[in-house]
1. A:D61 versus (1) over 11 Å from the mean Cα position of the chain (by Cα); (2) over 22 Å from B:T9 (Cβ atoms); (3) more than 12 Å from chain B (Cβ to nearest Cβ); (4) not hydrophobic (A, V, I, L, M, F, W, C): which is the lone unmet condition?
2. Working only within the range A:32-87, note down all residues that are more than 15 Å from A:R102 (Cβ to Cβ) and of a type in the set (S, T, N, Q).
3. Has the range A:61-84 got at least one residue that is touching a strand residue (DSSP E or B) at 6+ places or on another chain (Cβ under 8 Å), of a type in the set (A, V, I, L, M, F, W, C), surrounded by 15 or more Cβ atoms within 10 Å (Cβ to Cβ) and over 20 Å from A:K25 (Cα atoms)?
4. Of all the residues that make up the range B:1-41, how many are aliphatic (A, V, I, L, M), more than 9 Å from the chain's Cα centre (by Cα), within 14 Å of chain A (Cβ to nearest Cβ) and under 24 Å from B:G82 (Cα atoms)?
5. Between A:L51, A:L35, which is within 14 Å of chain B (Cβ to nearest Cβ) and either in a helix (DSSP H, G or I) or charged (D, E, K, R) (or both)?
Amino acid sequence: MIATELYEMLKKVQEPKGYFFNKDKEWVLTILGDLLINKDRYGYMSCPCRLAAGNREKDADIICPCQYRPEDIKEYGSCYCNLYVSSQWNEGRIERQYVPERRPKEKSGF
Amino acid sequence: MASKIKMFTLSTCSHCKATKKFMHDNGIDFDYIDVDLLQGDDKQKILQEVEKYNPQRSFPTIIIGDTIIIGFRESDIREALGI
C-alpha cells in the first residue's frame, strides 16, 4: 500500500466519526508514509511521533489512531502528530497550540 | 547566541522532521540522533541520556546551550537561538 491509498481508505472511515485529516495534505501524506514504515518494521501502524517498543501489547495504546486522540482533539483540536484534527482546527477557528505528550511515562514500554 | 545544539529525534516523527527543516532553513548547525534507528544497548544508553533532559522521553528533545525544549515549539527555539 502507498500513502495516497491509505489516505483515501482512512478518510472514508474517520471523517464520519468527526476526525478530519489536517488540511495540509503534504504533512498528512508524510505521516501516512511513516505509518506504513512502522507497519513494515513492527507489523502494525504504531504512532510515528512516538518511540515504539516493537511489541504489540506494549504499544497497544499508540497504534494509530491512538488512545489519546479523543482527549487531544477535545482539548487542542488536534492529535499529537497533527494528523487528525477537528474541523474547527482546520478552519483556524481555534488557536493552534503544540500538543503535548499525553501518554503517561509508565506506558512507554521501550 | 547559544552554543552547540543537540537533538534527540525519531526518523519517522513529523515534528522532528519539522525541527530539522527549521534548523536547516535557518542555517543552524546541529547534531541529532534518530533514536528509533538504534538497537539494543546503544538505544538504551541514549534513552537514559534523553531521560536526564526529558523524563517523559518524547521527541524531539532539543538541547540548545542550557535550554531544553520538548517538541517543535518554534518560538521557544527562536528565543533560545536568539533569532
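1. (2) is the only condition that A:D61 fails.
2. If the condition is that a residue be more than 15 Å from A:R102 (Cβ to Cβ) and of a type in the set (S, T, N, Q), then A:N38, A:S46, A:N55, A:S86, A:S87 are the ones that fit.
3. In the first step, residues of the range A:61-84 are kept if they are touching a strand residue (DSSP E or B) at 6+ places or on another chain (Cβ under 8 Å); the result is A:62-65, A:69, A:72-73, A:77-79, A:83-84.
If we keep only those that are of a type in the set (A, V, I, L, M, F, W, C) too, we end up with A:62-64, A:73, A:79, A:83.
Right, trim to surrounded by 15 or more Cβ atoms within 10 Å (Cβ to Cβ) and you get A:62-64, A:73, A:79, A:83.
Filter once more, keeping what is over 20 Å from A:K25 (Cα atoms): A:62-63.
Scanning the range A:61-84, I find at least one residue that is touching a strand residue (DSSP E or B) at 6+ places or on another chain (Cβ under 8 Å), of a type in the set (A, V, I, L, M, F, W, C), surrounded by 15 or more Cβ atoms within 10 Å (Cβ to Cβ) and over 20 Å from A:K25 (Cα atoms), so the answer is yes.
4. Narrowing the range B:1-41 to residues aliphatic (A, V, I, L, M): B:1-2, B:5, B:7, B:10, B:18, B:23, B:28, B:33, B:35, B:37-38.
Restricting the remaining residues to those that are more than 9 Å from the chain's Cα centre (by Cα) gives B:1-2, B:10, B:18, B:23, B:28, B:35, B:37-38.
Now drop any that are not within 14 Å of chain A (Cβ to nearest Cβ), which leaves B:10, B:18, B:35, B:37-38.
Of the ones still in play, those that are also under 24 Å from B:G82 (Cα atoms) are B:18.
Count: 1.
5. Numbers: A:L51 fails: either in a helix (DSSP H, G or I) or charged (D, E, K, R) (or both).
Sole residue among the options that is within 14 Å of chain B (Cβ to nearest Cβ) and either in a helix (DSSP H, G or I) or charged (D, E, K, R) (or both): A:L35.
Yes or no, residue by residue, for (1) among the hydrophobic types (A, V, I, L, M, F, W, C); (2) at the interface with chain B (Cβ under 10 Å from one of its Cβ atoms); (3) under 13 Å from the mean Cα position of the chain (by Cα):
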position: A:E71; (1), (2), (3): no, no, yes
position: A:G77; (1), (2), (3): no, no, yes
position: A:Y80; (1), (2), (3): no, yes, yes
position: A:E106; (1), (2), (3): no, no, no
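We did not get these values from a lab; they are worked out from the coordinates using the rules stated. These numbers were taken from a predicted model, which means no experiment stands behind them. Here Cβ is always computed from backbone atoms with ideal geometry, including for glycine, and neighbour counts include all displayed protein chains.
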